1. Using helices alone, what [θ] at 222 nm do you get for the chain, with -39,500 (n - 2.57) per DSSP H run of 4 or more residues, divided over all residues and rounded to the nearest 500?
2. How big is the dipole moment of region 133-301 about its Cα centre under a simple scheme where the beta carbon of each Lys and Arg is +1, that of each Asp and Glu is -1, and everything else is neutral? Debye, nearest 20, please.
3. Tell me which of Pro199, Gln149, Ala164 sits at the most positive position along the dipole axis of region 133-301, charges placed on C-beta atoms (Lys, Arg +1; Asp, Glu -1).
4. Translational diffusion coefficient of the chain at 4 °C, 1.567 mPa s, Stokes-Einstein with Kirkwood Rh over Cα pairs, in µm²/s as a whole number.
5. From the phi of every residue in region 217-229, what ³J(HN,Hα) in whole Hz does the Karplus formula 6.51 cos²θ - 1.76 cosθ + 1.60 yield, where θ is phi - 60° and glycine or proline is x?
6. List every residue whose amide H lies under 5 Å from the amide H of Trp109, counting only residues 5 or more places away in sequence or on a different chain, with H placed 1.01 Å from N in the peptide plane.
7. So if each residue of separation counts as 0.36 nm, and I subtract the Cα-Cα distance between Ala188 and Arg230, what length gain in nm does that give?
8. Below 10 angstrom from the Cβ of Trp212, what's the summed charge of the other residues (Lys, Arg +1; Asp, Glu -1)?
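Only the coordinates and a few stated rules stand behind these numbers; no lab work does. These numbers were taken from a predicted model, which means no experiment stands behind them. Backbone-built Cβ (ideal geometry, glycine too); neighbour counts: all protein chains shown.
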Amino acid sequence: MLVLGLESSCDDCSAAVVEETPSGPRLRSLVRESQDAIHGPFGGVVPELAAREHLLQVRAVMAEALAQAGIRLQGLDRLAVTRGPGLVGSLLATFSASKAVAWRTGLPWVGVHHLLGHLNAARFAAPDLPFPALVLLVSGGHTHLYLAQDWTSLQLLQKTRDDAAGEAFDKTARMLNLGYPGGPVVDACARAAGRAADPFTPPKFRDGKASWSFSGLKTAVKLRVERTPRLAEAGASDPEVQGLCRSLQEAISSWLLKPVPALAREQGARSLVISGGVACNSQLRVDAAILAAREGLALAIPEPRLCTDNGAMIAAAGALLPPDPAPWIQNADADLKLGA
Ligand code: KG4
Ligand code: ZN
């Protein structure tokens, strides 16, 4: 089965052709138009600008994905598109385009929850993953831990009490004037560091739970920059900036993984999936591998281009879901709930 997957929930306009085979999904093409140059000067995604840009990009992105896969629309078996959650103006670009194509071609169509997409990104490299799985979804908007019984269900176990982990990366990069998006630059700086700066103190919770909170971390970075103002202008090659990035990254990685062992035992999990943009992080990938080996968990972290938002993960999830009989009466949903 050949599926065209479309995703535009935030600031990436992406299309991919995925072939669903008995031994799992195979990537036939993946195209992504970045809007970093547009949002960079603002230090974050500007929803209205993102929506307008998606409208300009969507046709060419779809056409390029089909061309790279060497097929025409008529050669597809299914269309899959992100239905939500996300920025509604952004979602509407690929959502409306997919409905129009479904109307024109009569192809089966399926609307996909964005987070089921992130889970299914792991299916490319680990189609035989043993379930139940703990699923850590970490991005600019999410820091959520789920239990999955299969590739199409997610049950929330815990989430951040305030900011997402990706925000801590993005805001740190902003305070240090390192550029946008923050995750990849902070990661590169951290890897270049000779040694880490003083460690950040983990948050403590009154109920004693191994919870997550990242807003204090942002404040802690701010205080360090205020104490040493030259850090804000020193740039990515400065050893002190690099050390700060290293300790930030070590903190985020260890805090993210902290609740995993106890929850894995409690839930009888056999594997750990980590996906979303922050799953690209080099420290998190190394720390997760060590933890998974120690706890006897199978580990699935998608290759970096499948961790960030992309059409391939939507196609992979869409291949497993029942098509909708009447796409044209469906709508994108900025607050789409799981299971809806
Ligand atoms: O999944 P994603 O592409 O979009 C959202 O749904 O938010 O995730 C984007 C987030 C951004 O916060 C970005 O800074 C972060 O993922 N990110 C990283 C890395 N690459 C991207 N964070 C840490 N290390 C990275 N290498
Ligand atoms: Zn995402």
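1. Theoretical 222 nm ellipticity from helices: -13000 deg cm²/dmol.
2. On the way: 20 positive and 16 negative charges, 61 e Å.
Using only the charged Cβ atoms, the result is roughly 300 debye.
3. It is Pro199.
4. Details: Rh = 20.5 Å.
Rounded, D is 63 µm²/s.
5. For region 217-229, the Karplus curve yields 5, 4, 5, 4, 5, 4, 5, 5, 5, 5, 5, 10, x Hz.
6. For Trp109, the qualifying residues are Leu79, Asp324.
7. Details: separation 42, 0.36 × 42 = 15.12 nm, distance 1.99 nm.
My answer for the length gained is 13.1 nm.
8. Details: positive: Lys159, Arg161, Lys209, Lys258; negative: Asp162, Asp163.
Around Trp212, the charge tally is +2.
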